[in-house]
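In what follows, a single structure is set out as structure tokens and then discussed.
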Amino acid sequence: MQSLWMLFASFMFSLMGVCVKLASASSSTSEMVMCRGATGMVIIYAMVRLRGLSLHTHLPWHHAWRGFVGVSALWLWFFSFPRLPLATAMTLNYMAPIWIAAIVFTLGWWHQQRRFEWGLAAAILTSFAGVALLLKPTIHAEQWLGGAVALLSGVVSAFAYLQVRKLGQLGEPEYRVVFYFSAAGMIGGMLSGMLDSYLDTGHVLLLHAVSAYDVVLLVAIGVTATIAQIAMTRAYRLGAMLVTANLQYSGIVFSSILGILLWGDHIDAYGWIGIVIILASGVAATFYNARSSSTSRKI
């Protein structure tokens, strides 16, 4: 039952996507990334203080690399939200588990540690067919940039998740990983925002003038994202990994429904078929990954 935390996490990530899409009308990508990181830092720091835990780490460079790839993926993802229907942006980013499986098995096969999985290759190629079906009916010519960026965010996210796994194998607790990722997001968003303002106005500004509504949205992005990360971490830590990974794709369904209800997003039959294909390919890739890992342990 602990795996059901992933359903809650996926719903919260979908709400975060709604907040990002709303906030993007008046806030830059850099501002959203910065505020998300700052809010996450405050929440995690308060938890650490209340529980008497420590944020001291012996793995600063590992956290630095996780922060770099993670913030890059986050920045790309946020950039795509105002340029795509909500469901499309979420779906393309949620291809990260498929990319993870592809990276792991490609490296294993290249180093002759694992045999080539034709079934996994078929699942990955099928997912590309799903992407083609999804993008063709729902993305207009001017939206291809957003689609390409969202797709790239999923690739970069795969490397970020692999680094998170490595930090866990090195004994780093989840709260510390989330805290330093949030810190990287705050710093990265701050630096990119200052650069953007300097290029646009010739002056270095941290934030442009924002309304109370903008502040609420920016804080909501950070709160929903942090809650989602905590729930996702709990699901992976206590639940069955295979079940948890499959439940992660429920975020696509949540996002599709929210996009239709709030923005009247239209996804025709081909688009829905594409989403179903990507979901099925993700589940298949997860099964292949779990089966191969089990076989390797037995050997």
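The values are calculated or read from the model by the stated rules, or taken from the named source; none is laboratory data. These numbers come from a predicted model, not from an experiment. In this analysis, Cβ positions are derived from the backbone assuming ideal geometry, glycine residues included, and neighbour counts consider all displayed protein chains. Remember, those area values only see protein heavy atoms, side chains included, never the ligands or the DNA or RNA. Shrake-Rupley method; radii C 1.70, N 1.55, O 1.52, S 1.80 Å.
General remarks:
- Failed criterion for Val156 (all others in (1) closer than 17 Å to Gly274 by Cα; (2) modelled with pLDDT of 80 or more; (3) buried (at least 21 other Cβ atoms within 10 Å of the Cβ) hold): (1)
- Filter result for Val131 (of a type in the set (Val, Ile, Thr), surrounded by 16 or more Cβ atoms within 10 Å (Cβ to Cβ), assigned to a helix (DSSP H, G or I) and at pLDDT 75 or above): no
- Taking residues in the stretch 1-23 that are surrounded by fewer than 24 Cβ atoms within 10 Å (Cβ to Cβ), and partners anywhere that are outside any helix (DSSP H, G or I), the pairs with Cβ atoms closer than 6 Å and at least 6 places apart or on different chains are Gln2/Gly239; Ser3/Gly239; Ser3/Ala240.
- Counted residues, the stretch 134-143 - those being farther than 10 Å from Leu84 by Cβ and either at pLDDT 75 or above or open to solvent by less than 60 Å² (accessible area, probe 1.4 Å) (or both): 2
- The stretch 29-61 - residue that is among the polar types (S, T, N, Q) and more than 22 Å from Asp196 (Cβ to Cβ) and, of those, least open to solvent (accessible area, probe 1.4 Å): Thr57
- Matching helices (runs of 4 or more DSSP H) fully within the stretch 198-282 where at least 3 residues are modelled with pLDDT under 80 and open to solvent by 20 Å² or more (accessible area, probe 1.4 Å): 212-238, 241-247
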